[in-house]
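Inspection log for the structure reproduced underneath, given as structure tokens.
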Amino acid sequence: MSAPDLLSAIAKPGPLIGRDGEPLFSEPWQAQVVAMANAMVEKGRFTANEWSNTLGAEIRQSLAAGKPDDTATYYKCVLATFETLVKQAELASAEELKARKLQWIDAYEYTPHGQPVTLDAARHAHGHDSTLGNATVGWSGMAGGDCGDGGGGSC
């Protein structure tokens, strides 16, 4: 590959690719929850060991419950792990997380097709501000975060 071709290939942003050649993140919320978890570790809200141990336990529990060993299950476990550690660190209560999740679902349902999902979509659709007081978790937009247990439990 010539230098101009190499520079051209490098200059084109694209998805992060895993060892199997597939994108690491198939949906934006997956990258966002990983980034938020990384930020929490960097800020000392929980440790990398706590993250790793809790995620490992979540994955084992999920597989033992018969969930498929696939990317979707993995990221549902990542989300459940993040929620667990946020609650343990007392950064947000279970009620605050549930309320925020419902806000994002509402926003998802009221956002026109092809537009970015924001909490403003739900606020404007209902004509009121539905923010969470002083919750400290900036939640990413994802409508599929329920692991099938009504929220916040094992995936």
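Which order do 120, 70 fall in if you start with the one that has the fewest other Cβ atoms within 10 Å?
With the sparsest Cβ surroundings first, the list reads 70, 120.
For the pair residue 27/residue 102, report the inter-label distance in nm, with labels modelled 7 Å from Cα in the Cβ direction.
Those two pseudo-labels are separated by 2.0 nm.
Taking neighbour Cβ counts within 10 Å as the exposure measure, how do 117, 86 sort from fewest upward?
Result, fewest neighbours first: 117, 86.
So how far apart, in nm, are the two label points at residue 95 and residue 35 if each is 7 Å from Cα heading toward Cβ?
So the two model labels end up 3.1 nm from each other.
Treat the count of other C-beta atoms within 10 Å as a stand-in for reagent exposure and order 82, 25, 46 from fewest to most.
Least crowded to most crowded, the residues run 25, 46, 82.
I'd like the FRET efficiency for residue 49 and residue 118, computed as 1/(1 + (r/R0)^6) with the beta carbon distance as r and R0 of 41 Å, rounded to 0.05.
Between residue 49 and residue 118 the formula returns 0.75.
Each reported figure results from applying straightforward, stated rules to the coordinates on display, with no laboratory input. Worth saying up front: this structure is predicted, and the values here are computed from it rather than measured. Here the Cβ is made from the backbone with ideal geometry for all residues, glycine too, and neighbour counts use every protein chain on show.
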